[in-house]
Amino acid sequence: MSLFRKNLPLPLAKGKGIKGIGLINNLKFIVDCNVGKLVKWLRLIGYDTRFFNGSNDSHLVATALAEGRVILTRDTQIMKQRVITSGKLKAILIQGDEPELQMRQVIDALDLDSKFRPFTLCLECNQVLVERDRGEAKDLVPPYVYQTQSQFMQCPACHRIYWRGTHWQAMTKTLKKFAKG
């Protein structure tokens, strides 16, 4: 998925959302800053994922409880909190340092493989992407991209434009590594 940083809004057209695409089983995550690279990968596969950049563990836990999110962290102290040890709040203690190994751990722990909905959320701000007609994107993407691509998606919040370029191909290849076979 390539990204052109010309963030200009397109008018929202009725019926232009992705039909049948919602958040997968309403499973949502909050990712601690110590495993922040997981944010984009989880968004990439379609999961509502919030990045927590604070240092107050209590605030992280309170946010997760209030919003019904699974905590992903490497912080062992968070894992000792009663709300987690009692099972009231789901949290996963991430073991590895490499983002691909961390993703594999999350996928295996929650059996996410069959629930992939790739390329449906903005990687930057977590909003559901909206499909755009080719003509709507003409002045928002480089000429070569307009000439070679036919499918465009846009974030309604930050107005980033996405298309199936070389970044998309590379991410798709990486996602195949996560698939259970």
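Could you calculate, for region 32-181, the ratio of the Cα radius of gyration to the Kirkwood radius, expressed as Rg to Rh?
Here Rg/Rh amounts to 1.04.
Can you compute the modelled spin-label distance between residue 59 and residue 138, with each label point 7 Å from Cα toward Cβ, in nm?
4.7
How long are the three semi-axes of the equivalent ellipsoid for region 28-111, computed from the Cα gyration tensor as the root of 5 times each eigenvalue, in whole Å, largest first?
18, 13, 13
From the phi of every residue in region 89-106, what ³J(HN,Hα) in whole Hz does the Karplus formula 6.51 cos²θ - 1.76 cosθ + 1.60 yield, where θ is phi - 60° and glycine or proline is x?
Per-residue couplings from phi come out as 10, 7, 8, 10, 7, 6, 8, x, 9, 7, x, 5, 5, 5, 4, 4, 4, 5 Hz.
Please tell me which of these pairs span more than 26 angstrom C-alpha to C-alpha: 138/173; 40/90; 28/138; 37/80?
As for pairs spanning more than 26 Å Cα to Cα, those are 138/173; 28/138.
Read the figures in this text as sums done on the coordinates, not as results from a lab. This structure is a prediction, so every number in the text was calculated from the model and none was measured. All Cβ positions, glycine included, derive from the backbone under ideal geometry; neighbour counts span all protein chains shown.
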